[in-house]
4 protein chains.
Amino acid sequence: MGRKGKESRKRLFEAAANEFAIRGFHDTKVSTIVKRAGLTQPSFYLYFSSKDAIFEELIADFHTHLRELITSFRLENGVKRKDVSKRVLAAVETVFQFLAANPDLTRIGFFLNPEAKQMKRDVTLALKENLEAEQRLGYFRSELEMETVAECLIGMIIHLTDLYLLPGIKDPANLSAEVVDLLIHGMLPNQSIPGQASETE
Amino acid sequence: MGRKGKESRKRLFEAAANEFAIRGFHDTKVSTIVKRAGLTQPSFYLYFSSKDAIFEELIADFHTHLRELITSFRLENGVKRKDVSKRVLAAVETVFQFLAANPDLTRIGFFLNPEAKQMKRDVTLALKENLEAEQRLGYFRSELEMETVAECLIGMIIHLTDLYLLPGIKDPANLSAEVVDLLIHGMLPNQSIPGQASETE
Amino acid sequence: MGRKGKESRKRLFEAAANEFAIRGFHDTKVSTIVKRAGLTQPSFYLYFSSKDAIFEELIADFHTHLRELITSFRLENGVKRKDVSKRVLAAVETVFQFLAANPDLTRIGFFLNPEAKQMKRDVTLALKENLEAEQRLGYFRSELEMETVAECLIGMIIHLTDLYLLPGIKDPANLSAEVVDLLIHGMLPNQSIPGQASETE
Amino acid sequence: MGRKGKESRKRLFEAAANEFAIRGFHDTKVSTIVKRAGLTQPSFYLYFSSKDAIFEELIADFHTHLRELITSFRLENGVKRKDVSKRVLAAVETVFQFLAANPDLTRIGFFLNPEAKQMKRDVTLALKENLEAEQRLGYFRSELEMETVAECLIGMIIHLTDLYLLPGIKDPANLSAEVVDLLIHGMLPNQSIPGQASETE
DNA sequence: CATGAATGAGTTTTCATTCAT
DNA sequence: CATGAATGAAAACTCATTCAT
C-alpha cells in the first residue's frame, strides 16, 4: 500500500471514528464514512474488510494506547511517602489528558464497545498492581482491597470523562485534582489534616 | 383496555426489557419481542406506538423509580455526626439493591440509553443536595465540591454495577461497604483512625 | 399459512422455476421473481429464506418426483421375455413424459444443478436394480455391466431431453422408441431379426 | 506482444480455465484469476477484453480442437465389415482420450457453456456423416436414424465423461469398450453371437 | 509490461410498520 | 383482541472494469 492508499485509509479511519463516536455503531453508515473521506463505497472495502472490522480496529487502537499508558506508570523505586499523592495525581491527569486528546476513540472504547468490560478489567488490573505496590510500602491503608479501589477510580474517571471532559466542561487538571483529593483523603473533615502532615517523610 | 389486554402489554414490556438488556436497542427485533410474548407483530402496535416508544417507556420507568428512591433519602433533621457514615452506607446499599432487583431496566437505563447522561445528572443533583446538607452541618470537608463528589459516587456505582452487581459477582452489602469506606475515609492510612474515633459525638 | 399465503408461495415458486430455467441461477434476480408473482421483495423472504433456498427446494422437488417415478418401475413378477422391450420402452417413455411435463424443473435439475451428479447417480442406481433383475432372468446379455448401461441410458435421455424434448422438436413417444430400439438391438444389422423372433416365448 | 507478454497471457488463460472448470462462470472472479497468474487486474485487460471474452475464447478453443478431432475420423475408403466395430471403438476412445487430456476445457465446453448445444450439434453432424456412410455400406441397420444414433452416442460420452472420466474413475479404454459394445450389439442376448460371427467378412 | 487506487452499477437481505380481516 | 399477509426504505457488500502512472 503506497502513500496515497495510506492516506485514504487514514481518512476513512478518522471519519469512521468520528461518526461512530457521534452516532453509535448502527446509525453510522458506511456511505457516510466514505463520503466524508472523499471516496466511494467500494474503496472502503479496499482498506477494511467490513464495517465491523473497522469498528474493532478502532477499539483495538484505543485499547492498545490506553494500556501502554497505564503500563508506563509502573513505579520507579524509591517513591517517597510525600510523593504518593503527587504520583497518583500525575497518573490520573495523564489519563484524562489522553482521553481528552482522543475523544472519538474514547467514546467508542468506553461507551460504545460491547466488549468494553473486558478492556476495562484489563486496564484495571494494570492499575491495581501499581496501587498494591504502594500499599505494600504502607502508603495506603492495608485494609483496602486494591482491585476494588482501582475499579472505583476507573468508574469515576469514565463517568467524569463522559460528563465533563468530553463535553469540554472541565479539563484534565481540574478533574484529576478533584478525583484524587477525594480518593486520597476521603470525605471526612479534620483528621485528614494531621494525615496530610504525616505524609511528609 | 381489559384484563387480557393488560396482560399482553405487560408480557411485551417484560420481553422487550430483557431483549434490550441482552442485545441492545438495534439488535433487538420487534419480531423477537412479540414471539417471546406469544403475540404477533400487529399486536405490538396495539400497545406501543413504536419500537422507540417502548424503549423510552422502559427508560422512563427506570428513571422514575430511581428518582423516587433517591428523593426518599432526603435528610431527616438531626442526624448525629456518628450516623453520617451509616446513613450514606444505607443509601448506597439501597441503590445497589434497587439496581440488582431490576437488572434489565438497569442495563437499559445505565448502559444503553443515549440520553442516560441527563438522567444521571438528575439523580446526581438529588444526591448532591443531600450531601451538601450534611456538609453544611460540618460532617464533610468543606473544601469538597459536592456535585463532583456526587458524580464520583455515581460513577463508582455505575461501574461496579456493570462489573460486579449485574453479573452476580458481588452483592449490594459488599459493594456498598467497600465504596462507602473508600469514599468516606480515603486511601491514606493512620489519620483515619483518629478520624473514625472522632466520629463519635 | 393460510390460503392466500399458499398461493403467493406457489406463484413465487413457479415464477422462480421459470426464471431459473431460462436464465440460470445467477442471472435470475429475486426482484424479477417477485415482480412476476405480483409481490414485493420482502414478501419473498416470507416464504423462502433465501435465493439459494428456493433454488434448492426446486431441485429437491424435481429429485423427489423423479426418484418416485423410477422407483415405481420396480418389476412385477413374471414378466415374459417378449414383454421386456415393451416394459423398457414404457419406462423410458414415462420418464420422457415426466420431463416434458416439467420442463422448468427438468432444466434446473439436470442442467443447472451443481449437485446434479449425485442426483443422477441416485436415479441411475434405482434404474440399475431394475435392469439387473431382468438380466438375472436371462433377458439381457450377461456380460453387460448394468450400472454402465443405466448410465448410458441416462446419458442419452438427458442429452435428448436437452436437444429435442425441451425445445419441443420431438415427443416422448418418438424419443423413447428410438432410444430403446437402439439400446435393445444395437446398431448391427440382420442378426437382430432372428433375435427378435426369439423374443417370442 | 513479446515473449513475456505471451507467457502472462498463457498463465491467465490456464488459471482461468481451471477456475471456470472448478467454480463455473459466475463464481470465478477476475481477481482470483489474476492472483493465480501472479498479475494484477489491469493486466488482465491487457490480454482479454473482458471476463466474457476469455470464457468464450476457452470455449472456442475446446470447440476447435474437438471438431478437428471428429473431422479426422472421416472414412477412408474400403473399410471392411469386420473392421467397423474397431473403427467406431477407436474413434470413441480417441474422443475420450482428448477429453481426459483437457479436463478443464471439457468441463467448460460441455457443462458450463450455455451455447454448448450448438457446439454439440456441430460435432454430432460430423459424426452422423461418418455413420451414415457406413450405414450405406450396409454395416449398420438401415432403419436407424443416424442423427439420433449420433446424439445418443454423444449423450453417453458426455455423461460418462462427467461421471467417470473427469473424476478419474474409469479410463478411456474401458469407457469406450463399454459404450461401443452396448451401442453395437445392444442389450439382448444370443442373437448377437451369430451376429458377431457374421461380422467376419 | 505492469500496478496502486478507485469506481459504477448492482443485488440480496433486513426490519419496523401497516392493511384488511 | 388478534392475526395473516404485505410493504417501503434502506444498508452492506461485491465485482468487473478503468484511470493515472
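How much accessible surface area, in Å² rounded to 10, belongs to the heavy atoms of B:T64 with a 1.4 Å probe?
It works out to around 70 Å².
At a Förster distance of 30 Å, what's the computed FRET efficiency of A:M1 paired with A:L125, Cβ-Cβ distance as r, to 0.05? Write out the running numbers ahead of the final one.
On the way: r = 36 Å, r/R0 = 1.19.
About 0.25, to the nearest 0.05.
Which of rounded, prolate, oblate describes the range D:46-129, given a ≥ b ≥ c as roots of the alpha-carbon gyration tensor eigenvalues and a/c under 1.5 marking rounded, otherwise prolate only if a/b is larger than b/c?
On the way: a/c = 2.89, a/b = 2.49, b/c = 1.16.
Prolate.
Take B:A101, project a point 7 Å from its Cα along the Cβ direction, then tell me which residues of the range B:163-184 have their backbone nitrogen under 14 Å from it.
B:172-173
Could you point to the residue in C:S176, C:A15, B:T71 farthest towards the positive end of the protein assembly as shown's charge dipole, with +1 and -1 charges on the Cβ of Lys/Arg and Asp/Glu respectively?
Highest projection toward the positive end goes to C:A15.
Assuming R0 = 51 Å, what is the FRET efficiency of D:A53 and B:A60, from their Cβ-Cβ distance, to the nearest 0.05?
It comes to 0.20.
What ratio of Cα Rg to 2.2 N^0.38 Å holds for the range C:81-151? All intermediate terms of the calculation are to be shown ahead of the outcome.
Working: Rg = 14.0 Å, N = 71, 2.2 N^0.38 = 11.1 Å.
Ratio of Cα Rg to 2.2 N^0.38 Å: 1.26.
Rounded to the nearest 20 Debye, what is the dipole magnitude of the range D:8-48 about its Cα centre when Lys and Arg each give +1 and Asp and Glu each give -1 at the C-beta?
Values: 7 positive and 3 negative charges, 26 e Å.
Using Cβ point charges on Lys, Arg, Asp and Glu, the range D:8-48 gives about 120 debye.
Which residue, D:A150, D:A116, B:A90, has the largest displacement toward the positive end of the dipole of the protein assembly as shown when charges sit on each Cβ (Lys, Arg +1; Asp, Glu -1)?
The residue sitting farthest along the positive end of the dipole is D:A116.
What spacing in nm lies between the two simple spin-label points modelled at B:I22 and C:E145, each 7 Å away from Cα in the Cβ direction?
5.7
Over what distance in Å are the Cα centres of the range C:1-68 and the range D:17-84 separated?
Taking the Cα centre of the range D:17-84 as reference, the centre of the range C:1-68 is 34 Å away.
Can you give me the span-like helices of chain C, meaning DSSP H runs with 20 Å or more of Cα extent along the axis and Kyte-Doolittle mean at or above 0.5?
Membrane-span-like by this criterion, though nothing is claimed about a membrane: C:84-101, C:146-160.
Given a 1.4 Å probe and the protein chains all in place, what does the accessible area of A:D181 round to, in Å² to the nearest 10?
50
What average count of beta carbons from other chains do you get within 10 Å of the Cβ of residues in D:45-53? Spell out each step's value before the answer.
Values: counts 0, 0, 0, 0, 0, 0, 0, 0, 0.
Whole-number average of other-chain Cβ neighbours for D:45-53 is 0.
Nm distances between the label at B:K117 and the same-position labels in the remaining copies, 7 Å along Cα→Cβ, shortest first?
Reported distances to equivalent positions: 2.5, 6.2, 6.7 nm.
As a test of reading the structure, rank B:R67, B:R141 by solvent-accessible area (1.4 Å probe, protein chains only), most first.
Working: B:R67 90, B:R141 10 Å².
Accessible-area ranking of B:R67, B:R141, largest first: B:R67, B:R141.
Using Cα pairs closer than 8 Å and at least 6 residues apart in sequence, work out the relative contact order for the range C:1-48, in percent. Could the numbers behind the result be given before it?
On the way: 25 pairs, mean separation 17.1, N = 48.
Once normalised by length, the contact order is 36 percent.
If you place +1 on the Cβ of every Lys and Arg, -1 on the Cβ of every Asp and Glu, and leave all else neutral, what size is the dipole of the protein assembly as shown about its Cα centre, to the nearest 20 Debye? Could the numbers behind the result be given before it?
Details: 104 positive and 112 negative charges, 248 e Å.
Computed charge dipole of the protein assembly as shown: roughly 1200 debye.
Take the rotation relating chain D to chain B, measure from its axis to every Cβ in chain D, and name the nearest residue with the distance in whole Å.
D:D27, 16
With a 1.4 Å probe and all protein chains kept in place, how much accessible area does A:R36 have, in Å² rounded to the nearest 10?
120
For chain A, what is the accessible area per residue in Å², given a 1.4 Å probe and the full set of protein chains? Display every interim value, and only then the final one.
Values: 9350 Å² over 201 residues.
With the other protein chains kept in place, chain A gives 47 Å² per residue.
Give me the base-10 log of I(q)/I(0) for the protein assembly as shown at each q in 0.05, 0.06, 0.07, 0.10 Å⁻¹, Debye formula, one uniform scatterer per Cα, rounded to two decimals.
-0.52, -0.65, -0.75, -1.05
What does the C-alpha gyration tensor say about the overall shape of the range C:1-48? Classify as rounded when a/c is under 1.5, otherwise prolate if a/b is larger than b/c, or oblate.
Details: a/c = 2.41, a/b = 1.82, b/c = 1.32.
Note, shape of the range C:1-48 comes out prolate.
Run lengths n ≥ 4 of DSSP H only: what is the helix-derived mean residue ellipticity at 222 nm for chain D, with -39500 (n - 2.57) per run over all residues, to the nearest 500? Write down the numbers at each step before the final one.
Working: 10 runs with 136 residues, N = 201.
Mean residue ellipticity, 222 nm, calculated: -21500 deg cm²/dmol.
Compute, for the range D:55-199, the length of the dipole vector about the Cα centre, with Cβ point charges of +1 (Lys, Arg) and -1 (Asp, Glu) only. Units Debye, rounded to 20. Please list the in-between numbers first.
Numbers: 15 positive and 22 negative charges, 89 e Å.
Dipole magnitude for the range D:55-199 comes out near 420 debye.
May I ask you to report, in nm to one decimal and beginning with the shortest, the distances from D:Q97 to the same position in the other copies, taking label points 7 Å along Cα-to-Cβ?
Result, one decimal in nm: 4.6, 8.3, 9.5.
Order these peptides, D:103-113, B:2-12, B:128-138, by their mean beta-carbon neighbour count within 10 angstrom, highest first. Kindly include the intermediate steps, with their values, before the conclusion.
Working: D:103-113: 20.5, B:2-12: 13.5, B:128-138: 16.9.
Sorting D:103-113, B:2-12, B:128-138 by mean packing, highest first, produces D:103-113, B:128-138, B:2-12.
Given a cut-off of under 8 Å on Cα pairs at least six residues apart, what relative contact order in percent is computed for chain C?
Values: 151 pairs, mean separation 47.5, N = 201.
Over chain C, the number comes to 24 percent.
So for chain D, considering every pair of alpha-carbon atoms, how many percent are separated by more than 31 Å? Intermediate values should be presented prior to the final figure.
Numbers: 6223 of 20100 pairs.
For chain D, the share of Cα pairs beyond 31 Å comes to 31 percent.
The values are calculated or read from the model by the stated rules, or taken from the named source; none is laboratory data. These figures come from a predicted structure and were not determined experimentally. So basically every Cβ, Gly included, is an ideal-geometry build from the backbone, and we count neighbours across all protein chains shown. These area figures cover heavy atoms from the full protein model, side chains too; ligands, DNA and RNA do not enter into them. Shrake-Rupley method; radii C 1.70, N 1.55, O 1.52, S 1.80 Å.
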